[in-house]
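S.K.: The following block contains the structure, expressed as structure tokens.
The values are calculated or read from the model by the stated rules, or taken from the named source; none is laboratory data. Because the structure is a prediction, the values reported are computed rather than measured. Every residue, glycine as well, gets a Cβ built from its backbone with ideal geometry; the counts of neighbours run over all protein chains shown. These accessible areas exclude ligands, DNA and RNA; they are computed on the full protein's heavy atoms, side chains included. Shrake-Rupley method; radii C 1.70, N 1.55, O 1.52, S 1.80 Å.
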Amino acid sequence: MEKLSPEFRQALDAACKNAIAHLESLDQTSVSATAELETLRGRLLKPLAREGAPPQQIIEQLVDDVSGGLLGTAGGRFFGWVIGGVLPAAMAADWLTSAWQQNAAMYACSPAASVVEETVGSWLKDLLQLPPTASFALVSGCQMAHVTCLAAARHALLAKRGWDVEALGLFGAPPIRILSSSELHGSFERAVRLLGFGRECVRTLPVDDDGRLLATALTSVLEKDTSAPTIVLLQAGDINIGAYDSFPTLIPIAKRFNAWVHVDGAFGLWAAVSPRLQHLVTGIELADSWATDGHKWLNVPFDSGFAFVADPEAHRSSLSIRASYLTHATEARDQVDWNPEWSRRGRCFAAYAALRQLGRDGLADLIERCCRHAHELVMRIGALPGAEVAWEPVINQGLVRFLDQRAGATAADHDRRTDEVIARILETGEAFFGGTTWRGRRAMRVSVCNWRTDDAQVARVVRAVKEVISN
Ligand SMILES: *Cc1c(COP(=O)(O)O)cnc(C)c1O
């Protein structure tokens with residue numbers, strides 16, 4: 001048997017040893033970064049030497065040089081943005097993916113990657129309660145899932161009007177309008193810009209007190225112009241409060257006007273796997289396309305997103321490519337027909353391993369556990385003196401505010417106090433939360449997405465916040 005060179009083996013051993021050390025240190029180390037920008041540049045931004053160095057030495061030095069510049073995102077006390085952890089099977093499969101070095105572009109480059117991807121796609125449609133006939137793509141994240149789905153939408157809406165967008169582009173095409181609630185995520189706007197729609201195609205409409213797009217507002221805009229090609233973006237879990245638009249009400253309205261309905265379910269789509277939460281996504285299967293992430297709630301390593309399209313022909317027509325030097329499969333699935341990238345990582349392996357490690361029950365348990373911890377964190381922190389609950393979590397997202405206790409304190413003072421408390425929590429290294437402006441007020445976001453968060457960590461974090469605000 002061919003042996004790896006000692007150098008190769010030592011580099012892999014060093015990576016494994018240091019990875020385990022990192023994961024084991026997370027309970028004792030700061031969740032926020034402790035190294036300054038200048039320190040990191042001083043260590044890392046050096047002239048590239050003429051001579052190379054032994055692989056193991058490079059790995060050991062890299063580990064030293066990044067220290068203090070990594071966030072504790074892999075651990076259970078990180079609640080910033082919406083960032084998932086990594087399940088053991090998914091991380092291990094991801095390491096193997098690098099060792100295997102498959103180009104998951106098409107079946108001919110890696111038959112196994114093609115079949116694993118096909119499997120992941122069909123499991124996900126089943127778990128997320130999407131139509132079994134929908135097509136799918138494994139992409140780098142929810143933003144690229146938006147791009148994938150909107151490319152299909154653009155194709156379908158314009159083909160109906162006799163316009164071949166793949167051949168002619170958008171110059172001179174009938175203008176497409178996009179309608180959404182005010183709560184849309186910034187990544188959607190970027191997808192829109194990348195596809196040549198332009199930001200001004202998007203018209204945002206008001207929401208109710210629960211953050212849901214108002215049906216009356218949608219109807220009235222659609223009625224004003226019944227012929228414009230239209231995409232309606234609906235939210236399955238918005239970034240601040242995890243709000244779900246009412247799919248059973250809104251999708252039939254959009255369909256009545258022949259609009260394409262796209263759903264941003266970056267994390268919220270996963271409510272479908274929980275018997276307790278799946279009522280939130282009732283009716284979602286009637287949409288035309290759906291975007292979600294693997295690297296958030298499924299706890300798959302970056303980068304991992306999933307796009308689904310109800311009309312496989314529209315999806316394939318918008319992305320498929322045929323070149324004379326390629327060997328196209330006739331029976332098998334060539335991924336290049338469905339995703340925006342050409343050569344790409346076999347990111348299917350990690351998603352496959354995550355789903356198998358959890359099983360259906362484990363996945364439902366992960367989702368429900370995160371929601372329970374988010375609820376606990378928001379309610380317990382919100383009950384501390386000088387704090388208040390701004391949004392009680394329905395799923396895994398909630399908001400807390402910190403109040404300036406001085407007599408006559410204004411809303412601006414409370415905003416300042418909220419940002420100050422967030423900064424001071426980060427300084428303790430005990431927990432990581434982000435801030436947001438929600439309905440005109442600053443708030444601390446609490447987002448729980450990591451399988452490693454447990455009751456003990458929740459208690460520890462509440463203690464740390466209590467300590468910060470009592471000083
Ligand atoms: C994170 C997020 C996105 C963007 O997803 P990426 O994986 O970062 O591309 C889109 N929508 C919502 C609601 C999100 O939370």
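S.K.: For region 418-469, what are the residues that are open to solvent by 20 Å² or more (accessible area, probe 1.4 Å), under 16 Å from Leu403 (Cβ atoms) and touching a residue at least 60 places away in the same chain (Cβ under 8 Å)?
M.R.: Across region 418-469, the qualifying residues are Trp438, Lys466, Ile469.
S.K.: Filter region 225-249 for residues that are within 15 Å of the ligand (Cβ to nearest atom) and of a type in the set (Asp, Glu); which is farthest from the chain's Cα centre (by Cα)?
M.R.: Once the filter is applied, the top-ranked residue is Asp245.
S.K.: Let me ask something else about it. Can you work out which of the residues in region 110-124 that are open to solvent by 20 Å² or more (accessible area, probe 1.4 Å) and not aliphatic (A, V, I, L, M) is farthest from Asp288 (Cα to Cα)?
M.R.: Ranking the qualifying residues of region 110-124, first place goes to Pro111.
S.K.: Turning to a different aspect of this structure: Would you point out the residue of region 282-299, among those that are within 11 Å of the ligand (Cβ to nearest atom) and not charged (D, E, K, R), that is farthest from Asp126 (Cα to Cα)?
M.R.: Among those residues, the one meeting the criterion is His295.
S.K.: Of the residues Ala153, Ala159, only one is away from the ligand (no atom under 16 Å from the Cβ) and crowded, with 23+ Cβ neighbours inside 10 Å; which?
M.R.: Ala153
S.K.: Name the one entry in Ala390, Ala291 that is within 25 Å of Thr73 (Cα to Cα), among the aliphatic types (A, V, I, L, M), open to solvent by 10 Å² or more (accessible area, probe 1.4 Å) and in contact with a strand residue (DSSP E or B) (Cβ under 8 Å, 6 or more places away or on another chain).
M.R.: Of the residues listed, the single one that is within 25 Å of Thr73 (Cα to Cα), among the aliphatic types (A, V, I, L, M), open to solvent by 10 Å² or more (accessible area, probe 1.4 Å) and in contact with a strand residue (DSSP E or B) (Cβ under 8 Å, 6 or more places away or on another chain) is Ala390.
S.K.: Can you tell me which residue in region 213-236 is surrounded by the most Cβ atoms within 10 Å (Cβ to Cβ), limited to those that are small (Gly, Ala, Ser) and outside any helix (DSSP H, G or I)?
M.R.: Filtering first and then ranking leaves Ala236.
S.K.: Taking the condition without any contact (Cβ under 8 Å) to a residue 60 or more places away in the chain and either in the same structural domain as Leu277 (by TED's automatic domain parsing) or within 16 Å of the ligand (Cβ to nearest atom) (or both), does Pro174 pass?
M.R.: So Pro174 passes the test.
S.K.: Considering only residues that are within 16 Å of the ligand (Cβ to nearest atom) and either open to solvent by 30 Å² or more (accessible area, probe 1.4 Å) or of a type in the set (Phe, Trp, Tyr) (or both), which ones fall in region 180-196?
M.R.: Ser182, Glu183, Leu184, His185, Gly186, Phe188, Glu189, Arg190, Arg193, Leu194
For every residue, the table says whether it meets (1) under 30 Å from Gly186 (Cβ atoms); (2) without any contact (Cβ under 8 Å) to a residue 24 or more places away in the chain; (3) of a type in the set (D, E, K, R); (4) open to solvent by 30 Å² or more (accessible area, probe 1.4 Å).
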| site | (1), (2), (3), (4) |
| --- | --- |
| Ala15 | no, no, no, yes |
| Gln28 | no, yes, no, yes |
| Thr34 | yes, no, no, yes |
| Arg43 | no, yes, yes, yes |
| Trp81 | yes, no, no, yes |
| Gly84 | yes, no, no, no |
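S.K.: Among the residues of region 197-212, is any open to solvent by 60 Å² or more (accessible area, probe 1.4 Å), within 16 Å of the ligand (Cβ to nearest atom), closer than 18 Å to Leu286 by Cβ and of a type outside the set (A, V, I, L, M)?
M.R.: yes
S.K.: Is it the case that some residue within region 350-363 is assigned by TED's automatic domain parsing to the domain that holds Asp238, of a type outside the set (Lys, Arg), touching a His at 6+ places or on another chain (Cβ under 8 Å) and closer than 19 Å to Ala145 by Cα?
M.R.: No, that holds for no residue.
S.K.: Of all residues in region 304-332, which are charged (D, E, K, R) and surrounded by fewer than 17 Cβ atoms within 10 Å (Cβ to Cβ)?
M.R.: Glu313, Arg316, Arg322, Glu331
S.K.: Go through (1) under 30 Å from Phe171 (Cα atoms); (2) not in a loop (DSSP other than H, G, I, E, B) and name the single condition Leu269 misses.
M.R.: So Leu269 meets the others, but not (1).
S.K.: Taking the conditions exactly as written (under 19 Å from the mean Cα position of the chain (by Cα) and either outside the structural domain of Leu170 (by TED's automatic domain parsing) or basic (Lys, Arg) (or both)), does Arg345 satisfy them or not?
M.R.: Judged against the criteria, Arg345 is a match.
S.K.: Any residue at all in region 250-259 that is part of a strand (DSSP E or B), open to solvent by 10 Å² or more (accessible area, probe 1.4 Å) and more than 16 Å from the ligand (Cβ to nearest atom)?
M.R.: No, the conditions are met nowhere in region 250-259.
S.K.: Can you spot a residue in region 263-272 that is touching a residue at least 60 places away in the same chain (Cβ under 8 Å), farther than 21 Å from Thr204 by Cβ, away from the ligand (no atom under 15 Å from the Cβ) and open to solvent by 30 Å² or more (accessible area, probe 1.4 Å)?
M.R.: no
S.K.: When you look at Ile239, is it open to solvent by less than 10 Å² (accessible area, probe 1.4 Å) and assigned by TED's automatic domain parsing to the domain that holds Leu269, yes or no?
M.R.: Criteria not met by Ile239.
S.K.: Restricting the search to region 130-149, which residues are away from the ligand (no atom under 13 Å from the Cβ) and touching a residue at least 24 places away in the same chain (Cβ under 8 Å)?
M.R.: Passing the criteria: Leu130, Pro131, Thr133, Ala134, Ser135, Phe136, Ala137.
S.K.: Let me ask something else. Would you check which residues across region 309-352 are among the aromatic types (Phe, Trp, Tyr) and part of a helix (DSSP H, G or I) and list them?
M.R.: Phe349, Tyr352
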